[in-house]
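This report refers to the structure that appears directly beneath it.
Rule-based calculations on the coordinates, nothing more; no lab input. No experiment lies behind these values; they were computed from the predicted model shown. FYI the Cβ positions are ideal-geometry reconstructions off the backbone, even for glycines, and counts take in every protein chain you see.
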Amino acid sequence: MDKNRYLIGLSQSPQTQFGKVDFAEQPEAQRVFSSIWAIESQVNNGGFLQYFESDDGETAEYAPWALKTIGAARMGAIALDAVNVFPSGKPAADAAGRQAQIELLTAEARSTLERLDSAFMAYPDNLTDLLFAYVCAHPEAFGPAPS
């Protein structure tokens, strides 16, 4: 079974609420999936700055916890370090607010984010296997596990 292909299909299916239901209104299992899907895709495509600037950045405070929940503790720590670049470790809830915060980041903070981009993209945890296992453990949220 190609777990990555399965997760991609799941993300686009009616079985997930990713991109379909407001993040704040999703139940916990869906929020875990959505926040991990958002951070992974955005950081891989343009780093933490892109993630925070995008609408997906609304998941930023939740993502470190979600990563740790599925067993990706090292990636969760990296995500938490990225969140902590913001004043009081709290990125604004909306993209415009985060953009304003980003414009005020120091060169040192931006350098930290670049370092964290590399650390995250090195995949110190097997995110595909961990997210797949999480989805399989929550059939009430995602449907029956694939065979």
- Message: On the basis of being of a type outside the set (A, V, I, L, M) and within 12 Å of the chain's Cα centre (by Cα), does P64 make the cut?
- Response: yes
- Of the residues in the range 1-46, those that are part of a loop (DSSP other than H, G, I, E, B), farther than 24 Å from F120 by Cα and free of Cβ contacts under 8 Å to residues at least 12 places away in the same chain number 6
- Examine the range 134-142 for a residue that is more than 16 Å from N4 (Cα to Cα), surrounded by 14 or more Cβ atoms within 10 Å (Cβ to Cβ) and in contact with a Phe, Trp or Tyr (Cβ under 9 Å, 6 or more places away or on another chain), and state whether such a residue exists. yes
- Any chance you could count how many residues in the range 80-124 are part of a loop (DSSP other than H, G, I, E, B) and in contact with a Gly (Cβ under 7 Å, 6 or more places away or on another chain)? 1
- Query: If you go through the range 47-57 one residue at a time, how many are assigned to a helix (DSSP H, G or I), surrounded by fewer than 23 Cβ atoms within 10 Å (Cβ to Cβ) and not aliphatic (A, V, I, L, M)?
  - Reply: 4
- Query: What tally of residues in the range 69-121 results from selecting those that are charged (D, E, K, R) and buried (at least 17 other Cβ atoms within 10 Å of the Cβ)?
  - Reply: 3
